[in-house]
1. Could you list, in sequence order, the residues of segment 7-34 that are within 16 Å of residue 69 (Cβ to Cβ) and within 20 Å of the chain's Cα centre (by Cα)?
2. Only one of (1) surrounded by fewer than 16 Cβ atoms within 10 Å (Cβ to Cβ); (2) of a type outside the set (Phe, Trp, Tyr); (3) over 29 Å from residue 113 (Cα atoms) fails for residue 80. Which number is that?
3. Which one of these is part of a helix (DSSP H, G or I), closer than 20 Å to residue 6 by Cβ and among the charged types (D, E, K, R): 44, 23?
4. Would you point out the residue of segment 18-49, among those that are among the hydroxyl-bearing types (Ser, Thr, Tyr) and either over 18 Å from residue 89 (Cβ atoms) or at pLDDT below 95 (or both), that is surrounded by the most Cβ atoms within 10 Å (Cβ to Cβ)?
5. Filter segment 99-113 down to residues that are buried (at least 17 other Cβ atoms within 10 Å of the Cβ) and more than 13 Å from residue 138 (Cα to Cα), then give me how many there are.
6. State all residues of segment 134-169 that are of a type in the set (Val, Ile, Thr) and under 24 Å from residue 205 (Cβ atoms); if no residue qualifies, say none.
7. Tally the residues that are surrounded by 18 or more Cβ atoms within 10 Å (Cβ to Cβ) and among the charged types (D, E, K, R), restricting the search to segment 186-215.
8. Pairs, please: C-beta under 7 Å, at least 6 apart or cross-chain, first residue assigned by TED's automatic domain parsing to the domain that holds residue 124 and in segment 101-113, second surrounded by 20 or more Cβ atoms within 10 Å (Cβ to Cβ) and of a type in the set (Ser, Thr, Tyr)?
Amino acid sequence: MTEKEVLKELKALGTEQNRKVYKRHGIGGNLYGVSFANLEKLRKRIKVNHELAQKLWATGNHDAQVLATLIADPALMNARLLEAWAKDLTNYVLTDLFSRFVSQTSLARQKMEKWTKSKKEWIGQAGWNLLAHLTMREKELSDEYFERYLEVIERDIHSSKNRVRHAMNSALIAIGLRNGKLEKKALAAAQKIGKVEVDHGETNCKTPDAAQDIGKARQRKRIK
């Protein structure tokens with residue numbers, strides 16, 4: 001499929017109801033309102049197409065950019081292009097999907113270490129999202145590596161930007177699920193941090209209680 005063909009199909013698949021829902025999640029501007037089910041169907045048809053992904057991302061259309069994260073080739077991404085895409089992030093939904101894609105690249109750890117220090121909300125969110133992904137993917141990383149980030153989360157979470165707080169909280173939970181030693185340290189950090197306030201806009205979304213989530217997940221693992 002060509003870029004024009006994809007955009008034409010995305011436009012046809014978009015609905016006013018989806019646009020209303022997405023706008024409540026902070027997604028505005030250039031938006032068709034395509035369901036994730038239909039985007040997944042497109043992904044299966046297109047498969048991996050890195051050149052098309054770049055063209056779709058460049059349109060600035062939200063649905064096209066989401067699809068770009070689904071069909072881009074992690075093996076072909078370079079640092080320059082990742083930085084360019086990161087600068088284009090405008091909402092938490094796209095940032096979550098972008099982070100998941102970046103976690104599959106060879107540059108995931110490098111970008112995480114850089115982006116977790118960013119003062120920009122979406123780039124910072126991407127960085128902490130990546131840390132959560134790395135806890136599951138990078139088995140060779142030491143406990144001490146993650147302990148350093150627990151200290152940063154404990155120190156900075158309440159003073160960080162809205163969606164960065166949410167991503168830091170998710171990273172805290174992910175670290176706590178890595179192993180027993182980190183579980184104890186993450187739970188201790190969660191107790192000191194207390195309730196994490198995140199503005200979820202006009203939605204029913206809630207911020208997980210880190211201590212409760214870690215405890216429940218580890219208990220399920222022990223039962224298994």
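The values are calculated or read from the model by the stated rules, or taken from the named source; none is laboratory data. The structure displayed is predicted, hence computed values, not measured ones. Methodologically, a virtual Cβ is constructed for each residue, glycine included, from the backbone with ideal geometry; neighbour enumeration extends over all protein chains shown.
1. Residues satisfying the conditions are 22, 27, 31, 34.
2. (3)
3. Values: 23 fails: closer than 20 Å to residue 6 by Cβ.
None of the others qualify; the one that does is 44.
4. First, the residues of segment 18-49 that are among the hydroxyl-bearing types (Ser, Thr, Tyr): 22, 32, 35.
Remaining after also requiring either over 18 Å from residue 89 (Cβ atoms) or at pLDDT below 95 (or both): 32, 35.
Working: 32: 19, 35: 16.
The residue in question is 32.
5. Here the count works out to 4.
6. Just the residues of segment 134-169 that are of a type in the set (Val, Ile, Thr), to begin with: 135, 152-153, 157, 164.
Across segment 134-169, the qualifying residues are 135, 153, 157, 164.
7. Here the count works out to 1.
8. Between residues of segment 101-113 that are assigned by TED's automatic domain parsing to the domain that holds residue 124 and residues that are surrounded by 20 or more Cβ atoms within 10 Å (Cβ to Cβ) and of a type in the set (Ser, Thr, Tyr), the close pairs are 101/69.
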